[in-house]
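The values are calculated or read from the model by the stated rules, or taken from the named source; none is laboratory data. Remember, it's a predicted structure, so these values are computed and weren't measured experimentally. With ideal geometry, Cβ positions are generated from the backbone for all residues, glycine too; neighbour counts draw on all protein chains shown. All accessible areas refer to the heavy atoms of the entire protein, side chains included, with ligands and DNA or RNA removed. Shrake-Rupley method; radii C 1.70, N 1.55, O 1.52, S 1.80 Å.
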Amino acid sequence: LFLVHIDLGNDGQIGNGLSEDVTVMGALYLESLVAGCDMQSNDSIVGPLSPGQMAVHKSMERTAAIVVPSNIDSLEQKNKSALDSLSRRQILKAAESTRHYALRLVLTTKIDIGTENTDGSPKLDIPEAPSEERSYRLRAYSRFTESRVRYLTLAGLLDVDDYENHLWLGFDYIGRVNNPDPQLEVRQRLSYANKSVFHLSKAAALCPTDARVQFQLGKAIQAKIDCEKSLLTEGAEGQYEIRGLELRDASVDLARAADAFERSAQLESAAVKVCVNGIEDLAICVNSLAETRCNMGQFNEALDGIDQYAECGSLRSALAFEDTSDKLSKLPSYEWIQTQGNEDTDENKGKRRNVAARTVGDVRVFEPEDIALLRAAADKRFALAAGIQTSRYTMQYAGNSELHLDDLCADPILKVRMDQILQDKVYPLVRAVFCEEEDEPPMGSLCVYDSIFVRYNADEAKAAGRIGASQPLHQDGGIYSVNIALNAHKDDDENGFTGGGTFLEALTVGDGDHIQRPTAPGHAIIHKTTQRHAGAPTTSGVRDILVIFLTARRPETSETDENTWRIERAMRLNQIAKELPRDKLIPCLKLASNNDPTNNEVPYWLGVHTIQGDMNDPSDERWTEICQGVESLKLSALLNPADARAHFHLGMAISTRHKYAMRTKRAHLLPPPKEAADSLIQALEAAIRLERKCVEAGCANGINLAAAFLALGDFVARLKSFDKAIAYLNQVEDSIRRAGDIDENWAQSMLQEVSSMLDYCKKESAEKR
């Protein structure tokens with residue numbers, strides 16, 4: 001019924017960075033005290049409590065015992081929306097400084113039922129428990145039985161004020177909605193979703209300050225919307241009609257879900273600010289809020305959630321963040337890896353672009369003893385995992401094993417050493433490499449977004465039918481990537497691995513080697529996270545690397561957001577857009593492009609999706625869209641001339657524009673024939689050339705080269721250049737065979753089309769002669 005919390009003091013402080021006149025004291029966090037997002041961190045705290053001081057609350061209150069600095073009430077938080085405040089840092093220091101004690105007494109009551117029955121016989125001394133306790137026990141037991149709903153319903157009848165019963169009923173019904181059984185009808189799923197919304201709404205009314213309730217309510221409403229959409233025919237302005245149900249406005253439910261996610265994020269933020277909760281639950285909340293806002297078309301409002309998601313990323317790791325007051329130690333030297341060949345001509349120098357930096361010389365990022373310590377910790381973890389994947393990333397492939405550095409740093413000795421390397425070498429090195437050439441370097445402290453130890457095992461990969469252990473082309477999260485070699489290549493050590501290295505897509509434009517490796521174990525390659533790259537196949541042996549992804553914290557001296565978060569804004573919007581309907585997808589990608597105009601990935605997807613509209617729509621609006629799609633793909637190829645996908649889709653888009661214009665009588669709006677032909681040929685030939693380099697390196701984009709040759713042949717045939725068309729069409733079958741797709745139905749259909757076109761072109765060419 002009640003809980004009594006009595007503070008018992010601590011063992012005394014150890015050195016922790018707190019000032020001498022600040023002591024460590026106990027306190028109690030009460031979730032029900034959380035108001036809005038403009039509250040101070042300490043508004044939800046009862047305390048500081050002196051030894052012997054007592055706090056009493058009902059047992060259904062959600063609380064956490066914490067330690068705080070004695071001056072917590074005087075620590076003003078200038079930017080109340082910021083997670084990384086002075087008070088939070090001081091609470092963390094207080095928690096690390098001492099062992100604190102408290103006595104917690106759980107009180108119930110015993111009901112006096114007398115000593116005799118009405119007939120005078122003695123009563124059995126088995127008193128009835130209070131209804132609150134009976135409800136609690138039934139709820140706890142329900143988790144271990146298949147009759148959960150019965151037990152939870154009974155628990156709810158016994159204690160109508162306990163919102164937890166409704167929470168768990170709602171949660172159970174969400175599980176039923178998501179049942180993977182294909183035999184479960186959509187209408188039954190919708191029924192479960194409605195029941196879930198009902199119970200979670202009741203829970204939210206009884207306890208509006210439980211973040212779990214608000215988040216699950218948002219998810220239940222989303223599940224309800226998804227079920228209804230599978231039963232509907234869409235109408236105008238977001239309304240939809242469900243067969244057998246009344247007309248509904250989809251935006252109403254979306255707004256309700258957004259409100260629930262927003263409240264959940266506020267509650268989770270309050271817990272994060274005083275170190276009661278970790279960062280992951282808050283990241284999930286704000287991500288769901290941002291996705292829902294984008295689904296509603298409220299993109300500017302979604303940016304608040306995306307920025308908070310970026311801030312969560314800056315606080316996720318327990319590894320040390322940059323201390324700019326530290327005295328710089330001797331840094332590793334570095335050299336730039338550049339595009340456009342190796343000849344030092346003036347022409348080449350003008351075209352060269354910095355792609356990545358590579359450390360060189362005697363000073364390494366990791367010394368041999370650091371590598372030995374890290375690999376030993378990884379070996380222990382891999383042995384405990386017994387082959388089970390330990391990474392939180394979804395991009396997993398046979399032969400690859402991953403560990404998160406934060407997990408490895410549960411070893412305090414390794415943690416201290418990693419923090420020292422970050423402060424002395426990694427952070428100042430990244431500042432030296434990138435920040436001088438950037439217009440807007442990070443204002444806040446650099447910090448670890450995430451870090452993974454990757455082991456590429458060639459034998460395991462080959463056993464699974466792969467050519468080697470590798471990662472496909474991708475961009476990273478955060479702002480900067482630091483890739484540190486932990487063992488030697490065969491070229492440097494007869495026991496080393498073969499293959500491997502970082503495939504840098506940008507280098508496929510020039511004549512140099514597009515696969516790069518650090519100069520030796522302990523050295524690093526550093527690049528921006530937007531630089532597309534891949535892990536080239538390790539073809540024999542084992543290759544170990546540590547990759548550190550860096551971002552920046554919110555600036556301490558400013559109430560503005562970190563300016564480099566715009567990079568992460570664009571990345572997140574780009575990901576969210578892929579799940580949106582087309583009318584929301586296009587404006588979402590345009591907003592992403594506005595936030596980071598340098599990332600070619602955004603105009604690439606904007607161009608692809610813009611072109612993919614209704615080709616039977618003859619309107620001026622559709623024509624404008626197609627022309628905008630072509631321009632977006634031109635921009636993507638300009639920003640990253642090495643992206644084979646951008647060139648391929650640009651060529652196909654030019655072809656699409658030409659066909660659409662001819663069909664809708666807009667030929668007069670096309671560029672001159674020679675200009676159009678040159679643009680298409682240059683784009684598709686660049687795509688073929690670049691993709692062949694990617695395929696050769698084992699890092700293919702998956703472009704259909706046969707389709708590129710077919711499009712080239714078709715286009716130049718329309719321009720009456722039949723000999724050129726024949727040359728292109730003759731390469732279609734070879735491309736299909738090289739890709740191993742000769743038996744596919746689409747390939748056979750394409751070859752039939754090519755055969756007819758070749759016959760026509762040969763005939764026309766002969767007549768022309």
From GLN531, GLN575, GLN516, residue being free of Cβ contacts under 8 Å to residues at least 12 places away in the same chain and open to solvent by 20 Å² or more (accessible area, probe 1.4 Å) | GLN575
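Condition check ((1) under 27 Å from ARG532 (Cα atoms); (2) open to solvent by less than 50 Å² (accessible area, probe 1.4 Å)) across all residues:
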{"residue": "CYS588", "(1), (2)": "yes, yes"}
{"residue": "GLN612", "(1), (2)": "yes, no"}
{"residue": "GLU631", "(1), (2)": "yes, no"}
{"residue": "LYS634", "(1), (2)": "yes, no"}
{"residue": "ALA637", "(1), (2)": "yes, yes"}
{"residue": "ALA646", "(1), (2)": "yes, yes"}
{"residue": "ALA661", "(1), (2)": "no, yes"}
{"residue": "ALA676", "(1), (2)": "no, yes"}
{"residue": "ILE688", "(1), (2)": "yes, yes"}
Just a yes or no: is a residue in the range 425-441 touching a Cys at 6+ places or on another chain (Cβ under 7 Å) and either among the acidic types (Asp, Glu) or modelled with pLDDT under 90 (or both)?
-> yes
Go through the range 484-513 residue by residue and tally those that are within 31 Å of the chain's Cα centre (by Cα) and open to solvent by 30 Å² or more (accessible area, probe 1.4 Å).
-> 2
Residue in the range 456-476 that is farthest from TYR334 (Cα to Cα), counting only those that are open to solvent by 10 Å² or more (accessible area, probe 1.4 Å) and touching a helix residue (DSSP H, G or I) at 6+ places or on another chain (Cβ under 7 Å) | LEU473
With criteria (1) in contact (Cβ under 8 Å) with a residue 60 or more places away in the chain; (2) open to solvent by 30 Å² or more (accessible area, probe 1.4 Å); (3) farther than 22 Å from LYS659 by Cα, ARG718 comes up short on (3)
Residue that is farthest from GLY496 (Cα to Cα), among those in the range 546-564 that are surrounded by fewer than 23 Cβ atoms within 10 Å (Cβ to Cβ) and at pLDDT 90 or above | PHE549
Could you count how many residues in the range 590-610 are part of a loop (DSSP other than H, G, I, E, B) and either closer than 16 Å to SER655 by Cα or open to solvent by less than 20 Å² (accessible area, probe 1.4 Å) (or both)?
-> 3
Can you tell me which residue in the range 185-240 is modelled with the lowest pLDDT, limited to those that are among the polar types (S, T, N, Q), open to solvent by less than 30 Å² (accessible area, probe 1.4 Å) and within 23 Å of GLU280 (Cα to Cα)?
-> THR209
The condition of being touching a helix residue (DSSP H, G or I) at 6+ places or on another chain (Cβ under 7 Å) and within 20 Å of THR508 (Cβ to Cβ) holds, among LYS724, LYS693, only for LYS693
Flag if GLY175 is surrounded by 15 or more Cβ atoms within 10 Å (Cβ to Cβ) and part of a helix (DSSP H, G or I) | no
Looking at (1) in contact (Cβ under 8 Å) with a residue 12 or more places away in the chain; (2) within 21 Å of LYS578 (Cα to Cα); (3) surrounded by fewer than 24 Cβ atoms within 10 Å (Cβ to Cβ), which is the one condition that is false for TRP623?
-> (2)
Please tell me if GLU733 is within 40 Å of the chain's Cα centre (by Cα) and of a type outside the set (Lys, Arg).
-> yes
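Would you mind finding the one in ASP583, ASP614 that is outside any helix (DSSP H, G or I) and at pLDDT below 90?
ASP614 is the lone residue from the list that is outside any helix (DSSP H, G or I) and at pLDDT below 90.
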Quick one: SER314 ticks every box in (1) within 23 Å of ALA95 (Cβ to Cβ); (2) open to solvent by 60 Å² or more (accessible area, probe 1.4 Å) bar one, so which box is it?
-> (2)
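Can you find a residue in the range 680-702 that is within 30 Å of GLY740 (Cβ to Cβ), more than 40 Å from the chain's Cα centre (by Cα) and free of Cβ contacts under 8 Å to residues at least 60 places away in the same chain?
Step one: filter the range 680-702 for residues within 30 Å of GLY740 (Cβ to Cβ), giving 680-702.
This time we only want the ones that are more than 40 Å from the chain's Cα centre (by Cα), so: none.
No: the range 680-702 contains no residue that is within 30 Å of GLY740 (Cβ to Cβ), more than 40 Å from the chain's Cα centre (by Cα) and free of Cβ contacts under 8 Å to residues at least 60 places away in the same chain.
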Could you list, in sequence order, all residues of the range 146-161 that are in a helix (DSSP H, G or I) and either open to solvent by less than 100 Å² (accessible area, probe 1.4 Å) or in contact with a Pro (Cβ under 6 Å, 6 or more places away or on another chain) (or both)?
-> ARG148, VAL149, TYR151, LEU152, THR153, LEU154, ALA155, GLY156, LEU158
Which fully enclosed helices (runs of 4 or more DSSP H) of the range 654-769 have 1 or more residues being closer than 21 Å to GLY607 by Cα and hydroxyl-bearing (Ser, Thr, Tyr)?
-> 673-696
Looking at ALA271, ALA250, which one is among the hydrophobic types (A, V, I, L, M, F, W, C), open to solvent by less than 70 Å² (accessible area, probe 1.4 Å), in contact with a Phe, Trp or Tyr (Cβ under 9 Å, 6 or more places away or on another chain) and at pLDDT below 85?
-> ALA250
All-but-one check, PRO51 against (1) open to solvent by less than 80 Å² (accessible area, probe 1.4 Å); (2) at pLDDT 90 or above; (3) of a type outside the set (A, V, I, L, M), failing number (1)
